[in-house]
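The values are calculated or read from the model by the stated rules, or taken from the named source; none is laboratory data. All of these numbers come straight from a predicted model, not from anything done at the bench. We place every Cβ from the backbone using ideal geometry, glycine too, and count neighbours over all the protein chains shown. Side chains included, ligands, DNA and RNA excluded: accessible areas come from the protein's heavy atoms. Shrake-Rupley method; radii C 1.70, N 1.55, O 1.52, S 1.80 Å.
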Amino acid sequence: MAPDGLLPHSSHWGAFRAGWRDGKLVVVPHGGDPDPSDILQNFPDALRHEARIAQPMVRRGWLERGPGADDRRGRDEYVPMAWDAVLDLLAKELARVRDAHGPEGIFGGSYGWSSAGRFHHAQSQVHRFLNTTLGGYVRSVNSYSAGASTVIMPHILGPIDAVARHNVTWEAVAAHSELVLAFGGMALKNSAVGGGGVSQHIERGCMAAARARGCEFVLISPLRDDLPAECEAEWLPITPNTDTALMLALAHTLASEGLHDQAFVAKYCTGWAAFSAYLLGESDGVAKDAAWAAPIVGMAAEAIRVLARRLVGKRLLVAMAHSLQRAEHGEQPVWMATVLTAMLGQFGLPGGGYNYALGSLAHYGRRQNAVPTASLPQGQNRVRGFIPVARISDMLLQPGQPFDYNGQRLPYPDVKLVYWAGGNPFHHHQDLNRLRQAFRAVETLVVHEIAWTATARHADIVLPVTMTLEREDIGSSSTDPLMVAMHRIAPPFAEARDDYAIFSALAERLGKAEAFTEGRTPEDWLRWMYGKTQEALAAKGLEAPSFEEFWELGEVMLPQAEDDGGILRDFRTDPEAHPLPTPSGRIELYSAKIAGFGYADCPGHPAWLAPKDVPSAAEPLRLVANQPASKLHSQLDFGGTSAASKRRGREVMRIHPGDAAPRGINSGDIVRLFNARGACLASAALSTDVMPGVVQLPTGAWFDPEDPNEDGSLCVHGNPNVLTRDVGTSALAQGCTGQLSCVQVEKFTGNLPPVRAFTPPARA
Ligand SMILES: Nc1nc2c(c(=O)[nH]1)N[C@H]1C(S)=C(S)[C@@H](COP(=O)(O)OP(=O)(O)OC[C@H]3O[C@@H](n4cnc5c(=O)[nH]c(N)nc54)[C@H](O)[C@@H]3O)O[C@H]1N2
Ligand SMILES: Nc1nc2c(c(=O)[nH]1)N[C@H]1C(S)=C(S)[C@@H](COP(=O)(O)OP(=O)(O)OC[C@H]3O[C@@H](n4cnc5c(=O)[nH]c(N)nc54)[C@H](O)[C@@H]3O)O[C@H]1N2
Ligand SMILES: [Mo]
């Protein structure tokens with residue numbers, strides 16, 4: 001233990017030490033972190049907040065009437081129940097569904113971020129439980145983060161991890177990049193966060209170092225603050241979801257002025273003939289030139305031409321935020337940036353090329369660890385049925401109906417029981433009023449939660465779990481060298497139990513205790529997981545502290561691999577010896593495979609496909625629903641940093657003064673955002689950092705319907721997902737499109753309803 005009595009721990013938003021001073025929880029960032037995140041300060045108030053769930057609860061309607069579709073989900077009372085009784089009840093219900101429908105009747109996708117520790121990782125726990133005790137579950141594939149890019153990348157360039165995670169490092173940006181063209185920016189609020197934890201926030205320092213060396217930054221984004229001030233970026237505001245048109249026009253200028261790297265395209269790419277015929281208008285009669293793009297993107301044609309010429313002849317890094325593909329036709333900007341970068345010949349160069357998603361999360365732009373860190377083995381899932389993750393409402397509302405996905409036509413699984421641990425669909429999913437309908441259709445909804453999220457409030461069986469500070473774990477990521485011995489900082493809240501303890505007790509009741517636990521206690525598992533890293537260190541002849549030493553020291557620094565540029569560097573060096581893992585082994589400017597799927601909304605080369613979701617007289621503003629600065633998603637929304645970011649308890653919506661004035665809106669006013677799908681309140685802030693025609697409301701405020709009994713009721717707190725569209729990116733990837741939608745905004749003049757999101761629901 002450190003002399004100050006604080007103990008080490010880790011979170012998605014940073015490593016830290018914590019402990020008690022005068023009865024108060026104190027959280028101090030890790031001493032090695034040059035730029036720690038304020039999100040850490042959500043912990044102290046959150047730990048014992050009334051929003052925590054104190055004991056197991058069962059929804060009254062489910063208890064009285066048994067499993068079945070029920071429109072009282074989300075508005076019912078809860079009956080407290082003792083642990084033994086609720087575990088008996090749940091084990092019986094799981095066995096019922098398994099016997100009647102097989103594991104095919106259970107949806108265990110359980111998407112969500114939960115906490116940084118690798119053992120108590122809730123999604124791994126629930127998957128392992130369902131696999132080892134029931135034979136599997138209907139799963140979900142891909143992520144809300146990168147739904148479109150994950151599917152298109154392997155067709156055209158390589159697996160997403162090779163392009164996002166093992167490509168250009170921040171060190172290389174600091175040392176080599178001369179021009180960074182950032183679509184959607186690289187906001188520091190976003191790289192505050194990483195899967196498995198992040199011990200050093202290096203992005204600000206590396207961008208500042210690059211700038212000090214003379215590197216220029218160009219920001220293409222609707223928001224000025226998507227790059228930090230240190231970059232001194234030139235801001236080119238762009239109409240949301242038109243980047244593909246801009247990139248096409250940049251490509252057109254390059255091609256028509258003979259500025260593109262023809263040798264690179266000939267040696268490393270396939271499909272130039274088909275793509276250039278489209279670009280130049282030979283195939284459809286429309287040249288994608290600067291004059292064509294200007295009105296679409298909202299920039300002057302000459303500014304586009306100037307930008308195109310500026311990209312040539314220097315070490316260029318093209319970066320693109322995940323956000324661009326979380327939108328209608330989200331595959332297209334991902335693909336078109338690949339083509340643009342290829343035309344500039346920059347792939348695989350130090351500090352150059354295309355690093356999709358650099359800056360979107362802290363685990364990108366880093367060196368790879370030279371030794372593995374273990375995760376909990378999940379066992380075998382025997383169920384074949386799956387959904388692309390964001391098709392949850394479609395699945396629950398349309399069982400058996402066909403859907404398209406990546407060249408396949410598949411039926412939506414017929415799910416009876418939904419089991420969620422470690423995610424919050426009422427945070428992450430779109431069109432929440434539709435999601436409510438979907439959750440009403442299932443027979444049973446089980447949720448493990450630390451707090452009364454809207455997801456918990458819709459569940460039939462709610463099991464209170466410990467939060468990370470209340471258990472021991474190991475924090476590690478494949479791109480962060482610090483492995484943290486996460487000590488227990490506080491005893492469990494009320495009757496909360498670890499996810500692992502709950503699953504162990506259920507496994508026992510289902511006669512599968514040994515299969516789930518392998519006879520290991522949590523501490524045994526930590527030793528087992530640490531042992532994997534220890535063995536790998538020893539095999540390299542490196543110092544491998546014992547588990548006891550690791551626990552006492554609180555951390556171990558892992559060796560990292562060379563900054564080798566990954567498969568894109570190897571490919572550049574020798575494309576014959578190191579072909580890309582695409583069908584042709586090259587960068588695919590045209591994909592015969594994708595063309596063969598015959599999708600109108602994702603043709604065989606990147607294309608400008610006019611979006612259907614565009615402003616109208618009724619919904620004239622574009623809403624950017626991006627990541628919140630004050631928290632990770634919806635997590636600890638009741639904590640201090642998140643609460644301090646709100647005004648009158650509401651999430652803050654930014655609007656340009658030119659859009660606020662005609663609506664009579666001033667900073668600090670409560671406003672109502674609305675469209676055909678729903679409505680929410682927010683507090684307005686006027687800002688010229690938001691381009692005209694755009695409003696920005698981050699995600700994360702807990703869904704809080706004014707009248708839970710009324711469908712489509714106003715969310716009084718500011719959750720933008722009551723406004724977003726529940727539509728896939730295209731038939732190819734079916735990714736989430738939650739980043740953008742169209743809305744109207746007006747000043748709210750009624751009596752301000754209270755925020756009740758953090759008050760537990762009524763008890764029967
Ligand atoms: N409109 C719009 N929507 C979006 C996005 C957007 O840009 N716009 N972004 C999307 C993206 S990229 C993502 S990744 C998703 C994120 O969506 P989620 O990952 O679902 O969001 P979180 O709030 O992180 O949910 C984690 C939940 O786990 C709970 N939890 C924490 N620790 C534990 C634990 O130990 N055990 C259990 N059982 N539970 C625990 C937390 O209380 C929280 O409710 O949202 C997506 N939604
Ligand atoms: N603090 C904090 N950090 C986070 C998270 C969090 O919840 N809180 N979530 C993490 C997760 S899971 C993920 S996946 C990443 C997501 O990373 P991103 O998806 O990159 O993050 P966002 O903040 O949603 O979007 C980044 C910016 O893209 C811009 N943008 C939106 N639409 C367009 C467009 O059409 N064109 C252009 N050029 N720009 C556009 C917006 O101005 C927005 O601010 O963030 C991670 N980082
Ligand atoms: Mo994400």
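The table below lists the values:
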{"quantity": "Expected 222 nm ellipticity per residue - DSSP helices of 4 or more, -39500 (n - 2.57), all of the chain, to 500", "calculated": "-8000 deg cm²/dmol"}
{"quantity": "Two-site FRET efficiency, E514 against A82, from Cβ-Cβ distance with R₀ of 35 Å, rounded to 0.05", "calculated": "0.85"}
{"quantity": "Accessible surface ranking that places the most exposed of W20, W551, W83 first, with a 1.4 angstrom probe", "calculated": "W20, W551, W83"}
{"quantity": "Linear extension gain, E50 paired with E746, 0.36 nm per residue minus alpha-carbon span", "calculated": "247.3 nm"}
{"quantity": "Unpartnered cysteines - no second Cys beta carbon under 4.7 Å - across the chain", "calculated": "C206, C215, C231, C269, C602, C736, C742"}
{"quantity": "Rounded, prolate or oblate (a/c below 1.5 giving rounded, otherwise prolate when a/b exceeds b/c) for the range 621-747 by Cα gyration tensor", "calculated": "rounded"}
{"quantity": "Potential extension, E523-A644 segment - 0.36 nm per residue separation minus Cα distance", "calculated": "39.8 nm"}
{"quantity": "The range 167-367: radius of gyration over Cα atoms, expressed as a fraction of 2.2 N^0.38 Å", "calculated": "0.99"}
{"quantity": "Antiparallel DSSP beta bridges within the chain, as percent of all bridges there, nearest 5", "calculated": "50"}
{"quantity": "Solvent accessible area, Å² - E470, 1.4 Å probe, full protein context", "calculated": "0"}
{"quantity": "Approximate spin-label separation D161-V306, in nm, with each point projected 7 Å along Cα-to-Cβ", "calculated": "4.4"}
{"quantity": "Nearest-10 value in Å² for the accessible area of H9, using the 1.4 Å probe", "calculated": "0"}
{"quantity": "0 to 90° range, to nearest 10: angle between helix 243-256 axis and the chain longest Cα axis", "calculated": "20"}
{"quantity": "Å² of accessible area per residue within the range 96-221, as computed with a 1.4 Å probe and no ligands counted", "calculated": "24"}
{"quantity": "I474 long-range amide H proximity, modeled H, under 5 Å", "calculated": "R118, F119, H120, M486"}
{"quantity": "Positive-end residue of M207, S221, W335, charge dipole of the range 167-367 with Cβ unit charges", "calculated": "M207"}
{"quantity": "Rounded percent of accessible protein surface that carbon and sulfur make up, the chain, 1.4 Å probe", "calculated": "51"}
{"quantity": "Charge tally in the Cβ shell below 13 Å around W83, where Lys, Arg are +1 and Asp, Glu are -1, W83 excluded", "calculated": "-3"}
{"quantity": "DSSP bridge orientation in the range 167-367 - percent antiparallel, rounded to nearest 5", "calculated": "0"}
{"quantity": "Ellipsoid semi-axes in whole angstrom, largest first, where each is sqrt(5λ) of the Cα gyration tensor of the chain", "calculated": "40, 31, 27"}
{"quantity": "Accessible surface of E518 - all protein chains present, 1.4 Å probe, nearest 10 Å²", "calculated": "80"}
{"quantity": "Residue order for L311, L259 - accessible surface, 1.4 angstrom probe, largest first", "calculated": "L259, L311"}
